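First the structure, in the form of structure tokens, and then the observations on it.
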Amino acid sequence: MKCPHCQEELKYRERKGRQCPKCKQKFALEPRDNRLGLTDLNLPRFAERLSGKGVYRYTSLQLGHAAVLRKYKSRLAENYPWPTSRRSLRPAIIIFLLVVGLALLIEAVLVAFIETNRGYNLDLGVRACLMFLFITLATILGWGFADSYRYPISKYNLENFERECISPWENMYGPLPGRITSQEMELLGQVRIPSTQVRAIVVSPVDDVLSCLHANGLPQRLGLVLINPDRPTDEMQTLIAFVRQHPQVPMLLLHDASISGCLLPYLLPDRWELTPRHQVIDLGLRPRHVQRLRLPWTFVGRTPKALIDLLEYEVQRQDVLALEQDELKWLREGPVASVLLIPPARLIRVVTRAVERIEQRAPQVVDAETQARARAIGFMTWPRRSVSGG
């Protein structure tokens, strides 16, 4: 890596103690200490790119997901994996048999060498122990190789990203431009616009999505009410009551590409006791968007069958098939692609165009078929230009 102060190339053994041996200056990040390979130089570059050179605000987790996306960009571009099964049995069996066969061949050669050149005559028990040892080692190596074959994208965990990467950098160089701090997120969540100015309601179980929209001024500019359905507070009950009383105000859903996220547009109307007149529009993410945008994902455990059955039942009830069979199969394996992989610029653009398009249609009555079509609209379905722009 380069020293962030004197720009000298430093080998790993030369930068012990996070100090440059040339200029004697300390640096904040050691790329071998974080799985994303972040340094004092590339972290602010990610921040600048994510903010559009200072145009947009972003959260710490959005910055972390931008670093993840950057790390796996070349691998995703070359051969994007679309897992139809979490455990691909066929390549695992082939790899296992090849490695075990190689282990047995090595064991036979080793035994023949010992008996021929050393004069030892190995009995059946010793040979069985050697064979067992080689097969065990082959199983471990073969399974590990097959596992990497099935999971070309490594699992990533960003729970401690701010503490491990952002805080050391900011303690040395100052605040990252455009980053929304935890204190700001709490204050932004308390901002509300007058009910007479509400044009749409954005619902997302991801706090960072709502904080990003807040910090970039969308509630004031577009007349939005932002709601996290997983925070049962008194104020939340007041907002839900407002939603019930104003069915003409459209609801825009933003969520992860996961089983719980894809169930949100089906379960939320019943959960909030909404009527068929309420417009519920699912902007995503969905599995098809993950594939189209070539986004990385992580596994959180196999999806309970009851949730898959519920999702399939809800999908079949709709006039428009919102999720295809390969998407349901993908969700069954338990992957999660975070909506935070979508950069603020795109997130803001999608929400803005959704509000503009809905207002131009301005439906007075929403029947069941229109509801189903609204739920089928995806995160990237909105056109690149607004309707007014041709």
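Okay, residues lined up against (1) crowded, with 17+ Cβ neighbours inside 10 Å; (2) farther than 27 Å from residue 356 by Cβ; (3) not assigned by TED's automatic domain parsing to the domain that holds residue 71:
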| site | (1), (2), (3) |
| --- | --- |
| 162 | yes, yes, no |
| 169 | yes, yes, no |
| 200 | yes, no, yes |
| 214 | yes, no, yes |
| 235 | no, yes, yes |
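Please work out if residue 208 is surrounded by 18 or more Cβ atoms within 10 Å (Cβ to Cβ) and not assigned by TED's automatic domain parsing to the domain that holds residue 44.
Numbers: surrounded by 18 or more Cβ atoms within 10 Å (Cβ to Cβ): yes; not assigned by TED's automatic domain parsing to the domain that holds residue 44: yes.
Criteria met by residue 208.
Residues being acidic (Asp, Glu) and crowded, with 20+ Cβ neighbours inside 10 Å: count how many of those fall in segment 314-332. Steps first, answer last, please.
To start, the set of residues in segment 314-332 that are acidic (Asp, Glu) comprises 314, 319, 324, 326-327.
Add one more test, that the residue is crowded, with 20+ Cβ neighbours inside 10 Å, and what stays is 327.
Qualifying residue count, segment 314-332: 1.
Once segment 253-287 is narrowed to residues that are among the charged types (D, E, K, R) and in contact with a Leu (Cβ under 8 Å, 6 or more places away or on another chain), the residue that is farthest from residue 66 (Cα to Cα) is 282.
Meeting the requirement of 2 or more residues that are more than 17 Å from the chain's Cα centre (by Cα), modelled with pLDDT under 85 and not assigned by TED's automatic domain parsing to the domain that holds residue 53, the helices (runs of 4 or more DSSP H) wholly within segment 265-360 are 305-317, 325-332.
Residue 239 falls short of the stated requirement of being assigned by TED's automatic domain parsing to the domain that holds residue 280, closer than 27 Å to residue 322 by Cβ and modelled with pLDDT of 90 or more.
Select from segment 6-30 the residues that are touching a strand residue (DSSP E or B) at 6+ places or on another chain (Cβ under 9 Å), outside any helix (DSSP H, G or I) and not polar (S, T, N, Q) and write down the one among them that is surrounded by the fewest Cβ atoms within 10 Å (Cβ to Cβ).
As a first pass, look at segment 6-30 and keep what is touching a strand residue (DSSP E or B) at 6+ places or on another chain (Cβ under 9 Å): 8-10, 17-20, 25-27.
Now narrow it down to the ones that are outside any helix (DSSP H, G or I): 8-10, 19-20, 25-27.
From the residues that got through so far, the ones that are not polar (S, T, N, Q) too are 8-10, 20, 26-27.
Values: 8: 13, 9: 9, 10: 16, 20: 20, 26: 14, 27: 22.
Ranking the qualifying residues of segment 6-30, first place goes to 9.
Please specify each residue of segment 31-47 satisfying the condition of being buried (at least 18 other Cβ atoms within 10 Å of the Cβ) and modelled with pLDDT under 90. Hit for segment 31-47 is 36, nothing else. Among the residues of segment 153-181, those identified as in contact (Cβ under 8 Å) with a residue 60 or more places away in the chain and in a helix (DSSP H, G or I) are 161, 162, 164, 165, 166, 168, 169, 171, 172, 173. The set of residues in segment 314-361 that are of a type in the set (Lys, Arg) and within 21 Å of residue 65 (Cβ to Cβ) comprises 346, 349. Just one residue in the set 244, 192 is at pLDDT below 90, surrounded by 12 or more Cβ atoms within 10 Å (Cβ to Cβ) and farther than 16 Å from residue 350 by Cα; that residue is 192. Across segment 282-313, the number of residues qualifying as crowded, with 22+ Cβ neighbours inside 10 Å and either in contact with a Pro (Cβ under 6 Å, 6 or more places away or on another chain) or free of Cβ contacts under 8 Å to residues at least 40 places away in the same chain (or both) comes to 2. Tell me which of these residue 255 doesn't satisfy, since it passes every other one: (1) modelled with pLDDT under 90; (2) within 26 Å of the chain's Cα centre (by Cα); (3) not hydroxyl-bearing (Ser, Thr, Tyr). It is condition (1) that residue 255 fails.
The values are calculated or read from the model by the stated rules, or taken from the named source; none is laboratory data. Note that this is a predicted model, so its numbers are computed, not measured. For neighbour counting, all protein chains shown are included, and Cβ atoms are generated from backbone atoms with ideal geometry for every residue, glycine included.
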